[in-house]
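Here's the structure we're looking at; comments come further down.
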Amino acid sequence: MRRLTCAQARDRASDLLDGELSPGLAEELARHVASCPTCPALYRALIQLHRELRAIRAVGGPPAAG
Ligand SMILES: [Zn+2]
């Protein structure tokens, strides 16, 4: 079983939020976050940032599909 490093997990988290991560890689990411002492906080911060960026885009332009 492969293990992700924290740097790899962060890369994948941003790909996941962009909708560019395959289900298998998303599962590896989830497994890392579940077992890592530091990544859950970073992961939540990334999700929060992503939501804010989407909100900014929604205000500044026409609504995007999805
Ligand atoms: Zn980690």
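Relative to the longest principal axis of the Cα atoms of the chain, the long axis of helix 23-35 makes an angle of roughly 70 degrees.
Taking the Cα atoms only, what angle lies between the long axis of helix 39-60 and the longest principal axis of the chain, rounded to 10 degrees? Its long axis makes an angle of about 10 degrees. Neighbour counting of Cβ atoms within 10 Å sorts the residues R31, R57, fewest neighbours leading, into R57, R31.
Rule-based calculations on the coordinates, nothing more; no lab input. Quick caveat, the model's predicted, so the values are computed rather than measured. Quick reminder, even Gly has a Cβ in these numbers, built from the backbone with ideal geometry, and neighbours come from all protein chains shown.
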